[in-house]
Amino acid sequence: MLRPAASRALRPASRMPSIRMASTSASSSSSSSSSRRYLVSGAAAATALVAGYALLPTGIFNDGRFDESSTDDRPSPLWALPSRSQMLQALRESSAKSIRPSAADRQEHDESLVNAKATQTRSSAPSPVLAGNLTDAEIRKLDDDEGFDLLVVGGGATGTGVAVDAATRGLSVALVEKDDFGAGTSSKSTKLIHGGVRYLQKAVFELDYGQYKMVKEALHERKTFLHIAPYLSEHLPIMLPVYRYWQIPYYWAGTKMYDLLAGSENMESSYVLSRGKAMEAFPMLKSDGLAGAVVYYDGQHNDTRMNIALALTAVHHGAIVANHTEVVKLHKRDVPGKEEQQICGATVRDVLTGETIDVKCKGVINATGPFSDAIRKLDFPTAQEIVAPSSGVHITLPGYYSPRGMGLIDPQTSDGRVIFFLPWQGNTIAGTTDTAAPVEAHPLPKEEEIQWILDEVRNYLSPDIKVRRGDVLSAWSGLRPLVRDPAAKDTQSLVRNHMINVSASGLLTIAGGKWTTYREMAEQTVDRAVEEFNLKPVRGCVTKETRLMGSHGWSKTMYVKLLQRFGLETDVAKHLSSTYGDRAWSVCSLAEATGQRWPVHGVRLDPLYPYIEAEVRYACRSEYAQTVQDFVARRTRLSFLNTEATVQALPRIIDIMASELDWSTQRQEEELRDGVRFLASMGLQSDRAEELSGVTLKDLKASVARPQSDSHLSDSRLDAKDQLARAGARVDTIGEKATEQSRERDQRRTIPPERSGGGW
Ligand SMILES: Cc1cc2nc3c(=O)[nH]c(=O)nc-3n(C[C@H](O)[C@H](O)[C@H](O)COP(=O)(O)OP(=O)(O)OC[C@H]3O[C@@H](n4cnc5c(N)ncnc54)[C@H](O)[C@@H]3O)c2cc1C
């Protein structure tokens, strides 16, 4: 049960011992873990042992001690994170004694209550009205005792990064996200962890020290990124094809400088490829006129999974985190010595139920990316607008468009923009950034942008490869939050990197930057918050060493153990390992038997993708998935990879989510409609979206049940040559499947006999 003063929830022991999360002594293999005392209810622990790696709904707020000397604790495999409703309860409790009204409000109350005033006495738990009778000193005292240190608004890369930083310093922090973690720009990036070769080029040509510094810092962060979330990120060689001989030394020098800037934190050295070697590495490349290529290294990650890992890591370190919870109002109060009233909390709205909750805190951090101005206007309606959003569109093409382990960059497209062409999650993504755009919650990829990318891709690929509109499996548009610094002399020019601004009433806005630099941005933000809000952290910033959820027990070969233990298909085991890290064991423990000889576990949601049904359950139980979109876009990446495959999987996903989250029939139909609308914003062809708009769940189930495995590539859309090619592709797929099956047979032989008979 939640106790009062939830603001202290999960703080280090010396500061707030009353509210705890449970864990078990079986939890940890990290060196620090032995010093932690874990408590869990006896019944839950017993069940947990039986259930192996399953997460259990144990009470989270048991007493226990938190080792202050270490923050990089490995969460127990049995760790049960607080539910979303417990999180909301903790938010409610933060203002159990109300958010005290400002002097003006108090005066208003005083006037309206003038007759009753004389009879009122001070309450130990003042209502908003009674709070009007408190003196400033009393208000300050209550504020010291109550409320979160920080309320972070926005659950993208920046906000969740700030929450992890603040929580690991021992501050009490709450984070609210109006949609889902990463639903904004942070799910729509190019997925690169990079310094940016093009920024380096600018730095050199424009002798711009600021750009140079930005690239250097990002390269440094790139290394940290790979260290703290190794299962979510990897090295990616990127090829720069060169069509003029004299350009080879030019690009080579550029990429060498990139390596040098990274210094000891460099990944791999860049190198030059002859024409023949370039064609070998990237056989789809246009060979006509190719002089050679330069290859350099950057990192690549799964952006929303990184976002979820950050949110869960913040929770593990004690943060209160709620998705689908929107800030609708900021509260202010008088503070002696300050001319302006200072922000002391916010009203948040549970978007799923409409309930409003007052949250009390010492400081509010606005980490809403492209939406920063809306929050700034809640602070001051006339606040200067600082965001100049720039949109970027990406498309997903089938995997055969690029080799598995090599990306491509075109630094000089027809209109001077840069385009990336990268293997990602078994498919190929292509896209670019930088077109001025208005701020919208769900920006749509425009058809002309999609066509432009296809044209640029055509320029680079061999004429044998027919680049077709029908091959676009998904498309999305993201808004880059470019910002102006309102405190700068030249308020019109955009800042190169990120910007931290504190308004007169104490609203701390952090905006700009990029995914790669989220950690550094968070560090600077919390440093500033500590100063501005006079906070008392237990320690300094430790995020360079705080590994994210799933990283501690993960190794590159973990998927083999998963495969052997649960009898999974190879691609499924690899996917689970690289998506959940060591939490994949928990996902597998929820996997139902297939009833087949092989795979033993892991019922797929779609035959073409390695996502399994157990992930839906896990997302609901352990990752705060609340809607179908949360699952298809951010817990898995199905909608980013293939919108039609997502349509096909929707009925089963809705079925499982309905049983996990107790959805009514009406809610299930609504989820279907919302899901289809969302897929329309992800490039689902408009005629198909229209066709699906009036379809009921029952109809869709019936149509999916019909044996038309890839109906989304309806023959009518393909020309004669395509149909022939497709027939060939089917034969190839069958061939691949057969090879895969024989591989699986070999692997099965390696499973110990006592396990291979099933029983998992
Ligand atoms: C096309 C594109 C490609 C990119 N590629 C890369 C790349 O390859 N590498 C890289 O390092 N960077 C890249 N970036 C940059 C990077 O994606 C962004 O800098 C980063 O994701 C911004 O994160 P954020 O948290 O600031 O914003 P967001 O992710 O947009 O998060 C802000 C959140 O605030 C929430 N919110 C808004 N209002 C409220 C409210 N009232 N209450 C509660 N919540 C609210 C929103 O729902 C949203 O989820 C790219 C950007 C774009 C546009």
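Numbers at a glance
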{"read-out": "Shape of segment 616-706, Cα gyration tensor, a/c cut at 1.5", "value": "oblate"}
{"read-out": "Segment 533-582: trypsin sites (Lys or Arg not before Pro) falling in loop per DSSP and having at most 11 other Cβ within 10 Å", "value": "556"}
{"read-out": "268, 671, 217, 339 arranged by Cβ crowding within 10 Å, fewest neighbours leading", "value": "339, 268, 217, 671"}
{"read-out": "Between segment 213-291 and segment 464-530, the alpha-carbon center distance in angstrom", "value": "24"}
{"read-out": "Cα→Cβ-extended label distance, 7 Å offset, between residue 209 and residue 690, nm", "value": "5.9"}
{"read-out": "Distance between modelled label sites at residue 527 and residue 669, nm, 7 Å Cα→Cβ extension", "value": "5.6"}
{"read-out": "Estimated FRET transfer efficiency (residue 593, residue 265; beta-carbon r; R0 35 Å; 0.05)", "value": "0.15"}
{"read-out": "Label point distance in nm, residue 291-residue 603, each placed 7 Å from Cα along Cα→Cβ", "value": "5.8"}
{"read-out": "Efficiency of FRET between residue 340 and residue 441 - r from beta-carbon atoms, R0 30 angstrom, step 0.05", "value": "0.50"}
{"read-out": "Extension gain (nm, one decimal) between residue 234 and residue 702, 0.36 nm per residue minus Cα-Cα", "value": "164.4 nm"}
{"read-out": "Entries of 213/536; 178/223; 178/377; 332/514; 178/329 with Cα pairs more than 21 Å apart", "value": "213/536; 178/223; 332/514"}
{"read-out": "Given charges at Cβ of Lys, Arg, Asp, Glu: segment 558-710 dipole, positive-most of 576, 678, 696", "value": "576"}
{"read-out": "Extreme residue, positive dipole direction of segment 558-710, given options 599, 611, 642 (C-beta unit charges)", "value": "599"}
{"read-out": "Quotient of Cα Rg and 2.2 N^0.38 Å for segment 558-710, N being how many residues it contains", "value": "1.03"}
{"read-out": "Between segment 315-372 and segment 418-443, the alpha-carbon center distance in angstrom", "value": "31"}
{"read-out": "Efficiency of FRET from Cβ geometry, residue 253 and residue 412, R₀ 22 Å, rounded to 0.05", "value": "0.85"}
{"read-out": "Size of electric dipole in segment 558-710: Cβ of Lys, Arg +1 and of Asp, Glu -1, about Cα centre, debye, nearest 20", "value": "500"}
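Throughout, read-outs are computed from the coordinates displayed, never taken from laboratory work. Worth saying up front: this structure is predicted, and the values here are computed from it rather than measured. Ideal geometry is used to build each Cβ from the backbone, glycine not excepted, and the neighbour counts take in all protein chains shown.
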